[in-house]
Amino acid sequence: QVQLVESGGGLVQAGGSLRLSCVASGDIFKLTSFAWYRQEPGNPRDLLAQITMTGTTYYKPFVKDRFSVSRDNGTVYLQMNSLTLADTAHYYCAGIHPTGKTYWGLGTEVTVSA
């Protein structure tokens, strides 16, 4: 089992930055990767970035130049820069197991104001 707890969300002005954190505990070294997703009300959860246990990263094109994912042992970070109103969403950390099972945290809310 893996437990994930996100933090770092909040209210930020457009153009600002936030760093989200995800503290992972449990059998994290059985995972293949961690990922960050976000979800707006009424929309499906969107993948933003992923980092494997060996450090390889992947970004969706629309965040590649603004967001950065990293990992330090059991904590996964998402550095978000140049935030826009469109980045307002609930952000989730995910842990992906080789079997395909995905563990989720409860998420953290990010609100970008004009």
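Of all residues in the stretch 1-16, those satisfying the criterion of being within 15 Å of residue 108 (Cβ to Cβ) and assigned to a loop (DSSP other than H, G, I, E, B) are 8, 9.
Taking the conditions (1) free of Cβ contacts under 8 Å to residues at least 60 places away in the same chain; (2) in a strand (DSSP E or B) in turn, residue 63 satisfies each one other than (2).
Check the stretch 75-98 and report whether any residue there is assigned to a loop (DSSP other than H, G, I, E, B) and over 17 Å from residue 20 (Cα atoms). Taking every residue of the stretch 75-98 in turn, at least one turns out to be assigned to a loop (DSSP other than H, G, I, E, B) and over 17 Å from residue 20 (Cα atoms).
For beta carbons closer than 9 Å, sequence separation of 6+ or different chains, a first residue in the stretch 19-48 that is assigned to a loop (DSSP other than H, G, I, E, B) and a second that is of a type in the set (Val, Ile, Thr), the qualifying pairs are 27/2; 31/2; 31/96; 32/52; 32/96; 40/88. Each residue in the stretch 76-92 was checked for being of a type outside the set (S, T, N, Q), under 11 Å from the mean Cα position of the chain (by Cα) and open to solvent by 50 Å² or more (accessible area, probe 1.4 Å), and 0 pass.
Rundown of residues vs (1) surrounded by 12 or more Cβ atoms within 10 Å (Cβ to Cβ); (2) in contact with a Phe, Trp or Tyr (Cβ under 9 Å, 6 or more places away or on another chain), yes/no style:
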{"residue": "19", "(1), (2)": "yes, yes"}
{"residue": "32", "(1), (2)": "yes, no"}
{"residue": "36", "(1), (2)": "yes, yes"}
{"residue": "52", "(1), (2)": "yes, yes"}
{"residue": "55", "(1), (2)": "no, no"}
{"residue": "67", "(1), (2)": "yes, yes"}
{"residue": "73", "(1), (2)": "no, no"}
{"residue": "94", "(1), (2)": "yes, yes"}
{"residue": "100", "(1), (2)": "no, no"}
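Within the stretch 1-15, residues that are farther than 17 Å from residue 96 by Cβ sit with their Cβ atoms under 8 Å from residues that are polar (S, T, N, Q) and open to solvent by less than 30 Å² (accessible area, probe 1.4 Å), at 6+ positions apart or across chains, in these pairs: 7/21; 7/108; 8/21; 8/108; 9/108. Scanning the stretch 37-75 for residues that are under 14 Å from the mean Cα position of the chain (by Cα) and of a type in the set (S, T, N, Q), we see that the one that is nearest to residue 107 (Cα to Cα) is 39.
Consider the stretch 99-114 and keep the residues that are in a strand (DSSP E or B) and within 11 Å of residue 13 (Cα to Cα). The one that is farthest from the chain's Cα centre (by Cα) is 113.
The values are calculated or read from the model by the stated rules, or taken from the named source; none is laboratory data. Here the structure is a predicted model, which is why all the values come from computation and not from measurement. Neighbour counts are summed over all protein chains in view; Cβ atoms, including those assigned to glycine, are modelled from backbone coordinates with ideal geometry. Note: areas computed on protein heavy atoms with side chains; ligands, DNA, RNA excluded. Shrake-Rupley method; radii C 1.70, N 1.55, O 1.52, S 1.80 Å.
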